[in-house]
Amino acid sequence: MRGRNRCRMHGGAHGSGAPSGERNGNYRHGFYTAEAIAERKATRVWLRSMRTQIE
């Protein structure tokens, strides 16, 4: 749509969409939450640093 930021048919509104986390009915185990991903990344970084110190 010209002059608009969103399509009037498909754009949605601010605040629309499913709730996040356990409030969403599709939440299962939390493996892909931001906190879990960050924790796995930090663990990988730590392991790599430990491997370089050993070598």
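For the reader, a short list of remarks on this structure follows.
- Single residue of the stretch 31-55 satisfying the filter (in a loop (DSSP other than H, G, I, E, B) and open to solvent by 60 Å² or more (accessible area, probe 1.4 Å)) that is modelled with the lowest pLDDT: E55
- Among the residues of the stretch 10-30, those that are at pLDDT 75 or above and open to solvent by 100 Å² or more (accessible area, probe 1.4 Å) comprise E22, R23, R28, H29.
- Scanning the stretch 30-47 for residues that are of a type outside the set (K, R) and over 14 Å from the mean Cα position of the chain (by Cα) yields A42, T43, V45, W46, L47.
- In the stretch 8-26, the residues that are among the aliphatic types (A, V, I, L, M) reach residues that are open to solvent by less than 100 Å² (accessible area, probe 1.4 Å) with C-beta atoms within less than 9 angstrom, at least six apart or across chains, in these pairs: A13/R6; A18/N24; A18/G25.
The values are calculated or read from the model by the stated rules, or taken from the named source; none is laboratory data. Computed from a predicted model, the values in this text were never measured in an experiment. All Cβ positions, glycine included, derive from the backbone under ideal geometry; neighbour counts span all protein chains shown. In case anyone asks, the SASA skips ligands and DNA or RNA and just uses the protein heavy atoms, side chains included. Shrake-Rupley method; radii C 1.70, N 1.55, O 1.52, S 1.80 Å.
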